[in-house]
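Heads up: the structure comes next, in C-alpha cells.
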Amino acid sequence: MEILHDMVAFWKRQKENFKVLITRDSLRMLSGRKIVGRTRAVVGYESIFLSRLGANSIQIGIVSGAMSLLNVLFAVPAGTIIDRVKNVRNLYLMSFAFGLPNLLLLALAPNWLSFLLIMLGQTLVLTIQMPTKTIIDIDAINDEDRVVGLSIHRMITAIAGVGSPLLLAYIINYYGGLGSANAIRPIFLLQFVSEIIIFIVLYTKLENVFIEKKVGRESLVEGLKLILAGPVPLKLILVRDVATMFVMGMSNPFRGIYQVDVKMATVFIFGWIGVAEPAIDILLSIPAGKLIEKYGRRKVGYAGHIVGIIARLLLVLTPRSFPELLILMTALGSLEGCLYLGFDAYGQEIIPQDIRGKWMGVLAVITGVIGVVAPVIGGFIWRLNPDYLFWLNVIQWTFVAFPIMIILIEKYSIDGRNRTPALGNIKR
C-alpha cells in the first residue's frame, strides 16, 4: 500500500507532459512496438520481414548502412534546427506527422529495395523526431524525481505491452508463420493505426516545451570542441555510446534472424520473448527504483551491468535444441534495464539542456558514420559465423562499457549523481 500511495503522490505532482508521454509509449507498446530508441537499424520483425523479402545478409547490412548514411547527412542540419527553434513541441509533432505513412507503406512493400526506400524516408523523419522527443522526455521529469519517474514509466508502459507480442504471434501464425513476408504485413497495418491514435493524443494533449536559446551559432566542429572541452564524464559517455552503437550497428539487424533461423525460435517463442521484457518491467521497475533509493545508484547499477553481461552470454550459448532459453535471456535483459535506471538518469543529467540538440547532433554524426559501415561489416561476419556477431556484444559490454561505467561512478559522480559543471560555465 505504501508503494501505491507513493505512486499516487508522485503522479499528482508531475507535469502534464509526463502523463502524455506515458500514454504515447503505452499505446506504442500495446501495438507490439518497442519504445523508439536511437538505433537506425532494422530490428525484430522488421529484420525478419526484410529477410523474407529476399534480402541476403550483405543486403540487410546495406539497408541499415544506407539509413545511417542518410542520418549522417541530415543530423547536423537537424541539430541546428532544433537548437534554433524555441518551441520544440511543434517541431516534434511536425516530424511525427510526416512519419505516419511509413508503416502503411511497409505493409505494402513488394521487395527489399522498396523496403529500403521506405526506411530511408523514416530515417529522415527520425533525424528531427528523435532529438525533439528526447528533449521533451527529459523536460517532463525533474531531476529529483527522475529515477522514480523512469521506473514508473517503465512499469506502466510494460503493462500495456505485456500481451501484444503474443497477439502478434497469433496473427503471424494465422497468416502462415515467420517463413512468409505476407504473414508479417498485417502487424504493420495494426501499428499504423496505433500511430494515428498516438498522434491525435500528442496533438491534443502535449504541452509546449521551451528551451533557452544559446547566444551565437555554432558549427558541428565548434559543437564538438565544446563537448571535448567540457567535463570528462561527457567525453566518457560519448566514447561509451560510440562503442556501443558500433557493436549494436553490426548485430542488431540480425538479432531477430539469429533467434529464429539460428537458434530455431518458433513464432510463439518469439512472441514469449516479447512478453518477457514487459513482464519483468511490470514486476520489478518500481522495486528497482526503491532499491536505487535505498542502496544508491552505484551498487544497483553495477548489479544491473553484470546481469546484462550474463544476458548477452546466454544469447550466444543457447543451444538450438532449447530455444526457450531465449525467453530467460530477454527477462535478464529487462532486469538489467530496471537496475540500470539510476545510471540512465545520470547519463541524462550530465548533458546541459541548452546544448542537448547540439550534443545529439554531434553524437548522431559520429555514430551515423560508424553505422554506415557497421551493418555491412556485420553482414560479412554473419557469413563467417553468426555467433561471432553476438560474442562481440559480450566483449564490448564487459571490457568497454563496464570499465567506463566504473570510472564515471567512482571518480566523477557522487553515488551516480552528476557533480560536474554545465558546459555553459566553461570558458571557450
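The values are calculated or read from the model by the stated rules, or taken from the named source; none is laboratory data. Predicted model only: the values in this text are computed from it and were never measured. Cβ placement follows ideal geometry from the backbone for every residue including glycine, while neighbour counts extend to all protein chains displayed. These accessible areas exclude ligands, DNA and RNA; they are computed on the full protein's heavy atoms, side chains included. Shrake-Rupley method; radii C 1.70, N 1.55, O 1.52, S 1.80 Å.
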With label points set 7 Å from each Cα along the Cα-to-Cβ direction at L328 and I58, the distance between them in nm comes to 3.9
Sorting I292, I306 on solvent-accessible surface, 1.4 Å probe, most exposed first, gives I306, I292
Between N142 and D387, Cβ-based FRET efficiency (R0 51 Å, step 0.05) works out to 0.70
Carbon/sulfur accessible area of the chain, % of total, 1.4 Å probe, equals 67
For the range 139-206, the charge dipole (Cβ of Lys, Arg +1; Cβ of Asp, Glu -1; about the Cα centre) points to a positive end, and the Cα of N182, I141, S164 closest to that extreme belongs to N182
Charge dipole of the chain built from unit charges on the beta carbon (Lys, Arg +1; Asp, Glu -1), centred at mean Cα; most positive-end Cα among G230, V193, A75 is G230
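Pop the C-beta distance of V193 and Y295 into the FRET formula with R0 = 35 Å and round what comes out to the nearest 0.05.
The pair V193/Y295 has a calculated efficiency of 0.20.
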Dividing the mean separation of Cα pairs under 8 Å (6+ apart) by the residue count of the chain yields a relative contact order in percent of 28
The helix 267-317 Cα axis meets the longest alpha-carbon principal axis of the chain at an angle in degrees, between 0 and 90 and rounded to 10, of 20
Only helices counted: for the chain, with every DSSP H run of 4 or more residues adding -39500 (n - 2.57) and the sum spread over all residues, [θ] at 222 nm is -25000 deg cm²/dmol
Short to long, in 10 Å steps from zero, the percent of alpha-carbon pairs of the range 19-167 per bin is 10, 34, 35, 18, 2
Given pairs K235/K294; K15/K205; K299/K411; K19/K205 and cut-off 19 Å on Cα-Cα distance, the over-length ones are K235/K294
Over its alpha-carbon atoms, the range 81-122 yields an Rg and a Dmax in Å of 13.7, 41
The percentage of Cα-Cα pairs in the chain separated by more than 29 Å is 45
The answer for the chain, accessible area per residue at 1.4 Å probe in Å², is 43
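Using a Förster distance of 35 angstrom, determine the FRET efficiency expected from the C-beta separation of I406 and A229, and round it to 0.05. Please list the in-between numbers first.
Working: r = 24 Å, r/R0 = 0.69.
Efficiency, from the Cβ-Cβ distance: 0.90.
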For the chain, the dipole about the Cα centre with charges only on Cβ (Lys and Arg +1, Asp and Glu -1), to the nearest 20 debye, works out at 660
Magnitude of the Cβ-charge dipole (Lys and Arg +1, Asp and Glu -1) of the range 266-406 about the Cα centre, nearest 20 debye, reported as 220
Toy charge model, Lys and Arg Cβ at +1, Asp and Glu Cβ at -1: the range 109-208 dipole around Cα centroid in debye, rounded to 20, equals 440
Hydrodynamic radius by Kirkwood for the range 242-375, inverse mean 1/r across distinct Cα pairs, in Å, is 16.6
For K358, the aspartates and glutamates lying under 14 Å Cα to Cα, once residues fewer than eight places off in the same chain are dropped, come out as D83, E212, E218, E222
Expressed as a percent, the portion of alpha-carbon pairs in the range 105-207 spaced more than 23 Å apart is 47
For 401-407, 244-250, ranked highest to lowest by mean beta-carbon neighbours within 10 Å, the order is 244-250, 401-407
